[in-house]
Every structure is written in structure tokens, then in C-alpha cells.
Amino acid sequence: MNVGQIYYTDIANGIGCRTAVFVSGCTHHCKGCFNEETWNFDYGHPFTKELEDKVVESLKPTHIDGLTLLGGEPMEPRNQKEIRPLLERIKREVPHATIWIYSGYTYEELTDASNKRCHTEDTDAILSMIDILVDGEFMLDQKDITLRFRGSSNQRIIDVPATRASGEITLSGYANY
Ligand code: SF4
């Protein structure tokens, strides 16, 4: 997996102060995408063990709320392969860190076992470890710059643990920020 950028004290992509990792590769190609260079899976540089260590270390101070994965598309199947062990490690070593993922895939697409474009053997495990999924492609005709944490009004800020527990999409309170 390649990454384009890593921000270590990011306040724009999720609640609080976070480490934000911009994963390379995206097949959605949304009209008006803010980050077209990240569509290429080879963009940026490899997410090495050294970088992984640095990301995990960055989450340890208690004033850091957690990790945000965005891109690009963290939930492209080939990226899920590497994100799953990364999250497993964070859960073990930094349990207080919250995890946000931005995905162009919807929650329903990701949890549809017949959807081979984005549902893999890693998807359920990843969803079981995250707190928030900001889902859906960027829709230029629904762009709204007043929205916090998302670019267009079709995108949802989903409370994943509550959604998994109830079986119904449950929006996070952050959706009203
Ligand atoms: S999902 Fe995100 S990175 Fe991918 S094309 Fe859409 S806006 Fe761009």
C-alpha cells in the first residue's frame, strides 16, 4: 500500500486532534474530486514498517484522539489487506485511539457479501474495529462547504459500533456539528 501524505496533528478530518493517513488508490473517480493524484495506487511512497511504527507512536499521547484513514480509498480491496493488520496493531497497542475511515463506498456496499468490488475477507474485521465511517462518493451537485467533516450532503457520518449493534444505520452525533 502506498500513502500520499501523513498529517500528525490534523484537526480537519475527524473529531479532536488526529493522525491522518492519506492512502493511495481510488477507483471511484468522482467528478470534482479534491485529490485526483491519489487515484493512482502508486502515488506517494510505500507505507513501510518504519512509517507504521511512526503512526502508531504518534497515537500514544493522550491529547491525540485517534487515527483517520482517507485518500484515495482506504477500502479498495488491496488497501484493506494492509489496513486490517494496521488497525489490529493499534487496537492492541493504543486502545484509547478512535478510528475514522473515509470511504467512497457506502456502508451497505461494504457489508454486502456479494459485492466483490469492495467486500473482502477483511471488510467485516475492519468495520468491527472502527468508530466512524464517513461514507459515499463525493457528489459535486450536492457539494456543501458548510458541512463539517464531509464534502457533499449525501455523505453520512456513521456511528459504526451503534450501527453494527442495532442492524440499522445510526448516524453519529458529529453529523450535526
Ligand atoms: S472517493 Fe474520494 S478520493 Fe476517490 S474520487 Fe471520490 S472524492 Fe476522490
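The values are calculated or read from the model by the stated rules, or taken from the named source; none is laboratory data. As the structure is a prediction and not an experimental result, all values here were calculated from the model. Backbone-built Cβ (ideal geometry, glycine too); neighbour counts: all protein chains shown. SASA here: full protein model, heavy atoms, side chains in, ligands and nucleic acids out. Shrake-Rupley method; radii C 1.70, N 1.55, O 1.52, S 1.80 Å.
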Next item on the list: Rounded to the nearest 0.05, what FRET efficiency do Lys116 and Lys91 give with R0 = 22 Å and r taken as the Cβ-Cβ distance? Could you check?
Entry: 0.25
Checklist line | Neighbour-limited loop hits for trypsin sites (Lys or Arg not before Pro), region 117-166 (at most 14 other Cβ within 10 Å; DSSP other than H, G, I, E, B) | finding: Arg117, Arg148
Check: By its C-alpha gyration tensor, with a ≥ b ≥ c as the square roots of the eigenvalues, how is the chain shaped: rounded for a/c under 1.5, else prolate for a/b larger than b/c, else oblate?
Finding: rounded
Notebook entry, point to check: For the charge dipole of region 6-66, defined by +1 on Lys and Arg C-beta atoms and -1 on Asp and Glu C-beta atoms about the Cα centroid, which residue among Gly66, Ser24, Val56 has the Cα displaced farthest towards the positive pole?
Noted result: Gly66
Item checked: Whole-percent carbon and sulfur share, accessible surface of the chain, 1.4 Å -> 51 percent
Item checked: Whole-number percent relative contact order across the chain, with pairs defined as alpha carbons under 8 Å at least 6 apart -> 19 percent
Note to self: Taking a ≥ b ≥ c as the square roots of the Cα gyration tensor eigenvalues, with a/c under 1.5 meaning rounded and otherwise prolate when a/b beats b/c, else oblate, which class fits region 1-67?
What the structure shows: oblate
Checklist line | Global form of region 130-177, assessed from the alpha-carbon gyration tensor, a/c cut-off 1.5 | finding: prolate
Next item on the list: Note down the magnitude of the dipole of the chain about its Cα centre, charges +1 on Lys and Arg C-beta and -1 on Asp and Glu C-beta and zero elsewhere, to the nearest 20 debye.
Entry: 220 debye
Check: Share of antiparallel DSSP beta bridges in region 2-176, in percent to the nearest 5?
Finding: 50 percent
Notebook entry, point to check: Among Thr123, Ser172, Val94, whose Cα sits farthest toward the positive end of the charge dipole of the chain (+1 at Cβ of Lys/Arg, -1 at Cβ of Asp/Glu, about the Cα centre)?
Noted result: Val94
